[in-house]
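A short write-up of the structure that comes next.
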Amino acid sequence: MATTTLAPRFGAFRRSWVWDWLTTVDHKKIGILYIVNSFLFFLAAGLLALVVRSELAVPGLQFVNVQTYNQAFTMHGTIMVFLFVVPVLSGFANYIVPLMIGAPDMAFPRVNAISFWFLPVGGLLIFSGYLVGGAAAEGWTLYTPLSGAAYAPGYGTDLWLVGLTLVGTASILGSVNFIATIFKMRAPGKTLFRMPIFVWTMLVTATLILLATPVLAAGMIALLIDRNYGGSFFDPAAGGNPVLWQHIFWFFGHPEVYIVILPAMGVVSEVLPVFSRKPLFGYRAFVFATIAIGFLSFSVWAHHMFVTGQVFLPFFAFMTALIAVPTGVKMFNWMATLWRGSISLTTPMLFAIGFLTMFLIGGISGVMLSSPPIDFHLQDTYFVVAHLHYVFFGGSVFGVFAATYYWFPKMFGRRLNERLGKIHFAMHFIGFNLAFFPMHELGIQGMPRRISDYSATAGWTELNLLSTLGAFLIAASILPFLVNLVATFINGERVGDDPWEGNTLEWATSSPPPAYNFDVLPPIRSERPVFDLRHRHDAEHLAAEPHPPGEGEA
Amino acid sequence: MRRLAARWRLRSLLRAAAPLLLIGLLAGCMLPPTPATTTAKSVWWLYLIVFGMGAAVFFAVEGFILYAIFRYRRRDDRLPNQLHGNNRIEMVWTAIPTVIVLIMFVVSMISLAEVEARSPEPYLEVEVIGFQWQWTFRYLDGDTDPSNDYSVTGAPGAPPTLTVPVGKPVRLILHSDNVIHSFYVRNFLIKRDLVPLPNGRNNELELTVSEPGVYAGQCAEFCGDLHAEMTFNVEALPLAEFDAWLASVQAGGTPQPTPSPGTTTVALVADLLAFNIHQIDVAAGAPFVISLDNREAFSHNVSIYRDGERIFFGDYLQGPATTSYQVPGLQAGEYTFICDVHPIPGMTGTLTVE
């Protein structure tokens, strides 16, 4: 509770700011720690991606040997998914969710701190494979038997398993904290159906983490036992089954896709209404679609395994196609929110619209892959690489940058420079499409993923070169972003508490908020209390408004 | 100031639209390779239908978004109509994706039934064996003795060819006893994993190649260091030609090497990615035998090189197992013996012939 941060300090002893940050249990500082930590891992994993793309630019092995290459793409995927996209969104949620529901802090501030500190430790453990003879090199999916002791004898794989178990534990603790916070810490009047969509998506995300991550943790411990203590869960010679690992991994792994995309959808659902100056169209339908995606995400895992010949195809094909329906509903809701709005193309809005257009491509390619005969051709080719990057990068990462530009003024009281922000967006958007769109065509032409080299006669050279250029453009787009951060901290525009004319409660407090978050809360009568406050004298609009969602539930 | 803002808007729109235009142009060539089997043709058409639906959705939605952000730009401080939703229209747009995915599911299932169809009596059965990092294609001749089956095994830089007849169903039995590999021929628009399953079960794949030709294939499931080099070819011959080819290779068979008495035998042990000895001395002109004891769960072999040129190639041996290589008499000089799968210092040695 808030009392933690208000506890009296020891006499006149003044702690340094370093000590203050290392021992903080304030959700806002922990949120910023999450974001900074994730961003550092993002840069590291991004460099690994440049290693992979440089090697693939032209046929032949020029820069690295196959072992280095295999470690690079394995670590790139692992770090990006587990130590960047998931935690950075958790970081924003850590900062924003208590503010959005009018709470003074998370429900369990100390658990919040430990679930953050597991992350850098777990991440460094995973990376430390490089110090003991090579990191894990079996792909981020770590398929058995390739990841078994016979074929991957090094310590890198063990460190991967131990480090990731720690990261998973952090996620589980964090999700318990979010669920408790959202159910128990809402301000008076903040009914469930008056919660901002971002809070709803975090609630469903936390539930998915709580149900899916322990399954992966169990699988990873089983693999650790197989590797080190004579187990045979996945060893066919001793009656185990390597396909079992795939079931366990993807039973976690597919909900994981929604764990990373739902919060980004939440961000976009906050940003679009603010910069269209309209409420989100179909709030309740959006909430139900989010919950439906949560349920369905547990029944589609084996679509990653169509070509193993070991799954019942029609069921998983049907469920996978079905999950496109709630996703389609969301897309229509966003489109209708833009319709007849009053749209300002600020940097967060550009990234949010970038999310809509890029996630759409990832969604369409995903529906194509749900058809088993098409999947038989495209599975394990660059088409899948393109698809997953349009979802993870075009979806989640665009959402992350929308959140960064949108909430930066709340966190630091200063707005990031808009011109540099737009340059960042343009380079990012063009680089992203240049890097990943050609991969669709490469996959359709049959280029398998995870190969270190390809034949000059295969006809893949030009598109690979294009893709590598795009990857370097994405890397270059980080420069204006970093310059923007530094310039804003030194001499950024101070913009007050509510620079965007926001809708949700975080804009009702100061920027940055005080340790206890709110001096006074506005009355909460809809999902947009700050909008209501701003337009309380605006009888014309309020009269024209139909009953806001949540009416009658207070 | 206003004009400047308008120009900025136009430029930002062009910036947003340019990649989309590029995408539109590229979409013209996003078609799979020419299908070469009877079922691949069905998949090719299925792909076209699904891709067409996807492209239609893409252009409709992107067009809507671009129009909206252009048309409804903020012009003044007046609030737009605060519309919260509309149940009727929301029901309609829940139905639209439902109908689209149901159509897609039904056409996919129709095509899947064709792809998965099995003929009661395939014309030919071939066991496809994947190992790190090559393939063996073993032509099953129907008797119980596997040692007299004709087989072909690839070597690094020398991918094997799977020869099949045109117009007849060929059943592939996909076997691996090491890691997972995947048999993938892009013109067949299909792949299937070789999974080391318990109780000796194997995946199967049935194909009827419809066009004669040579088709490139490749392992599609990441299988370790030299995954990228696990390539192969499929050559489809007209039926009469194929029958003649198969009869001739089966008559030749692949004789099992038996060491003749009196020749020198060099015992070589491969363990922990290294040979036990790195220097071998033999007499010039006399055939000799290298017995290889592979104690590891993956493949090794022994080949002999002189000045970078391969003089002798020993078949890959999936361990743990032992084999004997018959090496013909060599001229005096310095040679190198090496494991082609792991050309590293530990698996390299000097062969001195005097």
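The values are calculated or read from the model by the stated rules, or taken from the named source; none is laboratory data. Source: prediction; values computed, not measured. Positions of Cβ are generated from backbone atoms using ideal geometry, with glycine treated the same way; all protein chains shown enter the neighbour counts.
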Note to self: Please pick out the residue among A:N517, A:N503 that is touching a residue at least 12 places away in the same chain (Cβ under 8 Å), outside any helix (DSSP H, G or I) and at positive phi.
What the structure shows: A:N517
Margin query: Of everything in region A:259-312, what is in contact with a strand residue (DSSP E or B) (Cβ under 7 Å, 6 or more places away or on another chain) and either without any contact (Cβ under 8 Å) to a residue 60 or more places away in the chain or away from chain B (no Cβ under 13 Å) (or both)? Give them in sequence order.
Written below: A:G309
Next item on the list: Of all residues in region B:185-209, count the ones that are more than 9 Å from chain A (Cβ to nearest Cβ), farther than 18 Å from B:T136 by Cβ and in contact with a Gly (Cβ under 7 Å, 6 or more places away or on another chain).
Entry: 1
Checklist line | Search result, residues across region A:144-169 that are surrounded by fewer than 21 Cβ atoms within 10 Å (Cβ to Cβ) and part of a loop (DSSP other than H, G, I, E, B) | finding: A:A149, A:A150, A:Y151, A:P153, A:G154
Checklist line | Test: A:L223 is within 13 Å of another protein chain (Cβ to nearest Cβ), touching a residue at least 24 places away in the same chain (Cβ under 8 Å) and of a type in the set (A, V, I, L, M) | finding: no
Item checked: Subset tally (residues that are β-branched (V, I, T) and either under 15 Å from B:T264 (Cβ atoms) or not in a strand (DSSP E or B) (or both)) for region B:298-354 -> 7
Checklist line | Residues of region A:254-279 satisfying the condition of being farther than 30 Å from A:A317 by Cα and either at pLDDT below 95 or not hydrophobic (A, V, I, L, M, F, W, C) (or both) | finding: A:E270, A:P273, A:S276, A:R277, A:K278, A:P279
Note to self: As an exercise: evaluate B:L83 against (1) more than 30 Å from B:E229 (Cβ to Cβ); (2) assigned to a helix (DSSP H, G or I) and give the number of the one condition it does not meet.
What the structure shows: (2)
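Residues checked against (1) surrounded by 17 or more Cβ atoms within 10 Å (Cβ to Cβ); (2) outside the structural domain of B:T161 (by TED's automatic domain parsing); (3) closer than 27 Å to A:S342 by Cβ:
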{"residue": "B:P80", "(1), (2), (3)": "no, yes, yes"}
{"residue": "B:V92", "(1), (2), (3)": "no, yes, yes"}
{"residue": "B:A95", "(1), (2), (3)": "no, yes, no"}
{"residue": "B:G130", "(1), (2), (3)": "yes, no, no"}
{"residue": "B:Q134", "(1), (2), (3)": "yes, no, no"}
{"residue": "B:L140", "(1), (2), (3)": "no, no, no"}
Next item on the list: Could you check, for region A:113-121, whether at least one of its residues is buried (at least 23 other Cβ atoms within 10 Å of the Cβ), β-branched (V, I, T), modelled with pLDDT of 95 or more and in a helix (DSSP H, G or I)?
Entry: no
Notebook entry, point to check: For region A:423-437, how many residues meet the condition of being within 8 Å of chain B (Cβ to nearest Cβ) and within 19 Å of A:D380 (Cβ to Cβ)?
Noted result: 0
Note to self: Can you tell me which of (1) under 19 Å from B:A297 (Cβ atoms); (2) of a type outside the set (A, V, I, L, M); (3) touching a residue at least 40 places away in the same chain (Cβ under 8 Å) is the one A:R110 doesn't meet?
What the structure shows: (1)
Next item on the list: Could you please find all residues in region A:136-153 being among the small types (G, A, S) and under 24 Å from the mean Cα position of the chain (by Cα)?
Entry: A:A136, A:A137, A:G139
Checklist line | Flag if A:A352 is at pLDDT below 95, surrounded by 24 or more Cβ atoms within 10 Å (Cβ to Cβ) and within 11 Å of chain B (Cβ to nearest Cβ) | finding: no
Next item on the list: Kindly provide the set of residues from region A:355-381 that are touching a Leu at 6+ places or on another chain (Cβ under 8 Å) and more than 8 Å from chain B (Cβ to nearest Cβ), ordered by number.
Entry: A:G362, A:L369, A:D375, A:L378
Checklist line | Number of the exception - A:F298 against (1) surrounded by fewer than 23 Cβ atoms within 10 Å (Cβ to Cβ); (2) out of contact with any Leu (no Cβ under 9 Å at 6 or more places or on another chain); (3) assigned to a helix (DSSP H, G or I) | finding: (2)
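Quick grid of which residues meet (1) touching a residue at least 12 places away in the same chain (Cβ under 8 Å); (2) among the polar types (S, T, N, Q):
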{"residue": "A:R15", "(1), (2)": "no, no"}
{"residue": "A:W19", "(1), (2)": "no, no"}
{"residue": "A:D26", "(1), (2)": "yes, no"}
{"residue": "A:N70", "(1), (2)": "yes, yes"}
Next item on the list: Name every residue in region B:172-215 that is under 30 Å from A:A150 (Cα atoms), touching a residue at least 40 places away in the same chain (Cβ under 8 Å) and in contact with a helix residue (DSSP H, G or I) (Cβ under 6 Å, 6 or more places away or on another chain), in order of residue number.
Entry: B:I190
Check: Has region B:61-73 got any residue that is more than 30 Å from A:E441 (Cβ to Cβ) and either part of a helix (DSSP H, G or I) or hydrophobic (A, V, I, L, M, F, W, C) (or both)?
Finding: yes
Checklist line | Hey, A:G156 farther than 30 Å from A:I291 by Cβ and within 19 Å of the chain's Cα centre (by Cα) or not | finding: no
Margin query: Please verify whether B:F275 is in contact with a helix residue (DSSP H, G or I) (Cβ under 7 Å, 6 or more places away or on another chain) and at pLDDT 85 or above, treating the condition exactly as stated.
Written below: yes
Check: What about A:A150, is it out of contact with any Lys or Arg (no Cβ under 8 Å at 6 or more places or on another chain) and without any contact (Cβ under 8 Å) to a residue 24 or more places away in the chain?
Finding: yes
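Looking at region A:332-344, which of the residues that are surrounded by 22 or more Cβ atoms within 10 Å (Cβ to Cβ) and facing chain B (nearest Cβ under 7 Å) is nearest to A:P409 (Cα to Cα)?
Once the filter is applied, the top-ranked residue is A:I343.
Here is a yes/no grid of residues against (1) at pLDDT 95 or above; (2) surrounded by 20 or more Cβ atoms within 10 Å (Cβ to Cβ):
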position	(1), (2)
A:T3	no, no
A:P8	no, no
A:L40	yes, no
A:P59	no, no
A:T68	no, no
A:F73	yes, yes
A:H76	yes, yes
A:I79	yes, yes
A:N94	yes, yes
Notebook entry, point to check: What are the residues in region A:316-337 that are closer than 27 Å to B:E221 by Cβ and in contact (Cβ under 8 Å) with a residue 12 or more places away in the chain, if any?
Noted result: A:F316, A:A317, A:M319, A:T320, A:A321, A:I323, A:A324
Next item on the list: Take the residues in region A:105-118 that are in contact with a Leu (Cβ under 9 Å, 6 or more places away or on another chain) and not hydrophobic (A, V, I, L, M, F, W, C), then tell me which one is farthest from A:F178 (Cα to Cα).
Entry: A:S115
Next item on the list: Give region B:137-158 a look and list any residue that's within 20 Å of B:V209 (Cα to Cα) and either of a type in the set (S, T, N, Q) or under 15 Å from the mean Cα position of the chain (by Cα) (or both), or say none.
Entry: B:F137
